[in-house]
Amino acid sequence: MTLPTLGTERLLLRPFVESDAAAVERLAGAREVADTTLHIPHPYPAGGGAWWIGTHASAWEEGAGLTLAIVAREAPDALLGTMGISIVREHARGELGYWIGAHAWGRGYATEAARAMTAYAFDTLRLHRVQARHFTRNPASGRVMQKLGMRLEGVHREAYLRWERFEDVAVYGILAAEWPPTA
Ligand SMILES: CC(C)(COP(=O)(O)OP(=O)(O)OC[C@H]1O[C@@H](n2cnc3c(N)ncnc32)[C@H](O)[C@@H]1OP(=O)(O)O)[C@@H](O)C(=O)NCCC(=O)NCCS
């Protein structure tokens, strides 16, 4: 089952290919990107990018999630970041996870890509709820969630241990009935 490609005004969200592996290691492995994520290793191990890309097809086939590369329409080979959704079918629920290479922050790419993935989750995957979480010390990601129309549902205090520090995690969500949000 081929992974889908989603389009936005400026971006394509397309399946990763093997030749993206070096850019994954360089961009996601940068300390400022890895630091506010739960799982990205730092330093990123050599070969880790190819291994990670190799997990996407089976996750999609199993219905466990969809992970897509974010690229500009006019430069589809140059990786900008990643937009993913992990899916819990039993509860018709998805959770967004994303990062943008630091060179491309502040241009609205995360928001544009998250909107496309959320629309796909509701309209095509027929999920009931899409949620996202961020460390409270990462307000930029919280802004992305707010701009998506998600609602802040609470903060899990010191719920995750990342790099020897307990992190407060803000939980945002939006329901199918609330999508698309009005203004
Ligand atoms: C979080 C991240 C994905 C945002 O990507 P991006 O493409 O720069 O996001 P956007 O441009 O769509 O939106 C960012 C918003 O945050 C705002 N912002 C940036 N820094 C901020 C800060 N320190 N405090 C408050 N808001 C901030 C921007 O102004 C913008 O909001 P606006 O449009 O209302 O002005 C990116 O910084 C990143 O990849 N960080 C590292 C990995 C990560 O944290 N991933 C998410 C894990 S939950």
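The values are calculated or read from the model by the stated rules, or taken from the named source; none is laboratory data. For clarity, every value in this text was computed on a predicted model and none was experimentally measured. Methodologically, a virtual Cβ is constructed for each residue, glycine included, from the backbone with ideal geometry; neighbour enumeration extends over all protein chains shown.
Would you mind stating whether residue 13 is farther than 19 Å from residue 140 by Cβ, in contact with a Ser or Thr (Cβ under 7 Å, 6 or more places away or on another chain) and surrounded by 13 or more Cβ atoms within 10 Å (Cβ to Cβ)? So residue 13 fits the description; yes. Suppose the filter is part of a helix (DSSP H, G or I) and more than 9 Å from the ligand (Cβ to nearest atom); does residue 183 pass it? So residue 183 fails the test.
Figure legend. Inter-residue proximity from segment 102-117: first residues on the phi < 0 side of the Ramachandran plot, second residues assigned to a helix (DSSP H, G or I) and near the ligand (Cβ under 7 Å from one of its atoms), beta-carbon distance below 7 Å, spacing 6+ or different chains. Indicated pairs: 102/32; 102/33; 110/144; 111/144; 111/147; 114/144. For segment 1-37, name all the residues that are touching an Asp or Glu at 6+ places or on another chain (Cβ under 8 Å), among the hydroxyl-bearing types (Ser, Thr, Tyr) and either closer than 17 Å to residue 56 by Cβ or part of a strand (DSSP E or B) (or both). Correct list: 19 only. Taking (1) buried (at least 22 other Cβ atoms within 10 Å of the Cβ); (2) touching a Lys or Arg at 6+ places or on another chain (Cβ under 7 Å) in turn, residue 168 satisfies each apart from (1).
Residue-wise test of (1) under 18 Å from residue 97 (Cα atoms); (2) surrounded by 13 or more Cβ atoms within 10 Å (Cβ to Cβ); (3) not aliphatic (A, V, I, L, M).
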position	(1), (2), (3)
18	no, no, yes
22	no, yes, no
25	yes, yes, yes
30	yes, yes, no
35	yes, yes, yes
42	yes, yes, yes
45	no, no, yes
52	yes, yes, yes
61	no, no, yes
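Residue 66 meets each of the listed conditions (1) without any contact (Cβ under 8 Å) to a residue 60 or more places away in the chain; (2) under 12 Å from residue 2 (Cα atoms) apart from (1). Counting only residues that are under 20 Å from residue 29 (Cα atoms) and charged (D, E, K, R), segment 66-95 holds 1 of them.
Of the residues making up segment 122-138, at least one is more than 29 Å from residue 57 (Cα to Cα), surrounded by 13 or more Cβ atoms within 10 Å (Cβ to Cβ) and among the β-branched types (Val, Ile, Thr). Counting only residues that are part of a helix (DSSP H, G or I) and either more than 7 Å from the ligand (Cβ to nearest atom) or closer than 14 Å to residue 99 by Cβ (or both), segment 132-148 holds 6 of them. Determine, yes or no, whether residue 155 is over 22 Å from residue 42 (Cβ atoms), in a strand (DSSP E or B) and of a type outside the set (Asp, Glu). Criteria met by residue 155. Cβ separations smaller than 7 Å between residues 6+ apart or across chains give the following pairs from segment 22-42 residues that are near the ligand (Cβ under 9 Å from one of its atoms) and among the polar types (S, T, N, Q) to residues that are at pLDDT 95 or above and not in a helix (DSSP H, G or I): 36/135; 36/138; 37/99.
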